[in-house]
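*Asks:* Here you go, one structure.
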Amino acid sequence: MLLSTVCNPMMTIVKETPEPKGVHDVHNRMCNRTYYEMYNLGSRDGCHENISKAVAPFGLLPEDIPDTMDLFMNYHHDCARGQWVIGEPVSKPGDYVEFRAEMDCIVGLSNCPNEACCGGRCTPVRVEVYAAGRAR
């Protein structure tokens with residue numbers, strides 16, 4: 001279950017196809033222009049800018065955006081090395097996660113532009129939204 005910052009149930013994961021299940025990052029802030037510039041990765045928009053632009057028409061400001069859930073990002077703590085590690089993705093083409101909304105939600109999506117997070121190459125993502133059993 002995904003909870004709001006005040007612990008209201010927002011979404012439930014109904015199904016996910018990758019093996020192993022549950023490999024999603026919920027530990028870090030999303031990438032952003034400052035991150036890319038600080039690590040000499042060029043000057044480009046990151047997930048924070050992408051999502052900020054997507055939700056701006058709803059009156060949300062960049063500072064209103066909470067931490068993200070990075071689907072399929074294999075980011076885990078390596079206890080032996082004492083550090084967080086970005087591992088190879090466990091998902092493959094066609095894998096998906098299905099959510100059921102438990103309340104009205106505004107969902108912003110960014111297909112992460114940081115190649116280190118997605119096995120060295122970014123690939124397309126497809127999103128389907130269903131209401132009352134129909135895609136729209």
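*Asks:* Evaluate the stretch 60-67: report whether one residue or more is part of a loop (DSSP other than H, G, I, E, B), open to solvent by 60 Å² or more (accessible area, probe 1.4 Å), over 19 Å from V107 (Cβ atoms) and touching a residue at least 24 places away in the same chain (Cβ under 8 Å).
*Replies:* no
*Asks:* How many residues does the stretch 110-134 contain that are in a loop (DSSP other than H, G, I, E, B), modelled with pLDDT under 75 and open to solvent by 60 Å² or more (accessible area, probe 1.4 Å)?
*Replies:* 2
*Asks:* Check off (1) touching a Leu at 6+ places or on another chain (Cβ under 8 Å); (2) modelled with pLDDT of 90 or more; (3) in a loop (DSSP other than H, G, I, E, B) for A54 and give me the number that stays unchecked.
*Replies:* Here A54 meets the rest and fails (3).
*Asks:* Another question, then. Looking for something closer than 25 Å to T123 by Cα and in contact with a strand residue (DSSP E or B) (Cβ under 7 Å, 6 or more places away or on another chain) - is there at least one such residue anywhere in the stretch 30-48?
*Replies:* Checking the stretch 30-48: not a single residue is closer than 25 Å to T123 by Cα and in contact with a strand residue (DSSP E or B) (Cβ under 7 Å, 6 or more places away or on another chain).
*Asks:* Output the number of the condition that V14 fails; it satisfies all remaining conditions of (1) hydrophobic (A, V, I, L, M, F, W, C); (2) touching a Ser or Thr at 6+ places or on another chain (Cβ under 9 Å); (3) outside any loop (DSSP other than H, G, I, E, B).
*Replies:* (2)
*Asks:* Something else about it: Of the numbered conditions (1) without any contact (Cβ under 8 Å) to a residue 12 or more places away in the chain; (2) open to solvent by 50 Å² or more (accessible area, probe 1.4 Å); (3) more than 19 Å from W84 (Cα to Cα), G42 fails exactly one; give the number of that condition.
*Replies:* So G42 meets the others, but not (2).
The values are calculated or read from the model by the stated rules, or taken from the named source; none is laboratory data. These figures come from a predicted structure and were not determined experimentally. In this analysis, Cβ positions are derived from the backbone assuming ideal geometry, glycine residues included, and neighbour counts consider all displayed protein chains. These accessible areas exclude ligands, DNA and RNA; they are computed on the full protein's heavy atoms, side chains included. Shrake-Rupley method; radii C 1.70, N 1.55, O 1.52, S 1.80 Å.
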